[in-house]
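Undergrad: One structure, as structure tokens, below. Some questions next.
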Amino acid sequence: MRSLVRRYADEKEINSHADMDRIGLSPTRRQIEEVRKRVEREKNPVPFREAWVEQFVSDKFGAATTHWSKLEDRVRRGVGNPCPLVLIGLPASIVTFGENPTVVQELLEEEKDADEDDKNAV
């Protein structure tokens, strides 16, 4: 998720809270304060974009069963048994942020080619 959120932040040129307002994002006071602390700290300050990405990902996608690896662990341990489970994982390559349909099609073709290469390697 971190790389996807970073890609989004790069594409939307998020470098300040004003930029977040511009694209319709409204962080909480706590989130603003956490980002500010990392940006303004004396030792090893980080750029706004990096601090925001880290904060956003940790808030929204922290280590929980929404992470595929955590979910896999739970399934292997038998958690949820005897209930049937349907698990769906989406590759990062299919995530888009409103790109032109031609660009989306190129991404899908690249993924298809990579999948075929993987199958041929086995």
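The values are calculated or read from the model by the stated rules, or taken from the named source; none is laboratory data. Treat the numbers as computed from the prediction; the structure is a model and nothing was measured. Cβ atoms come from the backbone with ideal geometry, glycine included; neighbour counts cover every protein chain shown. We work out accessible area using only protein heavy atoms, side chains counted, and drop any ligands, DNA or RNA first. Shrake-Rupley method; radii C 1.70, N 1.55, O 1.52, S 1.80 Å.
Undergrad: Among the residues that make up segment 49-71, is at least one of them in contact with a helix residue (DSSP H, G or I) (Cβ under 8 Å, 6 or more places away or on another chain), of a type in the set (Gly, Ala, Ser) and at pLDDT below 75?
TA: yes
Undergrad: Taking the conditions exactly as written (loosely packed, with under 13 Cβ neighbours inside 10 Å and over 14 Å from the mean Cα position of the chain (by Cα)), does residue 2 satisfy them or not?
TA: Spelling it out, it is not the case that residue 2 is loosely packed, with under 13 Cβ neighbours inside 10 Å and over 14 Å from the mean Cα position of the chain (by Cα).
Undergrad: Then there is this: Restricting segment 84-107 to residues that are touching a residue at least 12 places away in the same chain (Cβ under 8 Å) and under 17 Å from residue 7 (Cα atoms), which is most open to solvent (accessible area, probe 1.4 Å)?
TA: Out of the qualifying residues, it is 94.
Undergrad: Return yes when residue 76 is at pLDDT 90 or above and open to solvent by 90 Å² or more (accessible area, probe 1.4 Å) and no when it is not.
TA: no
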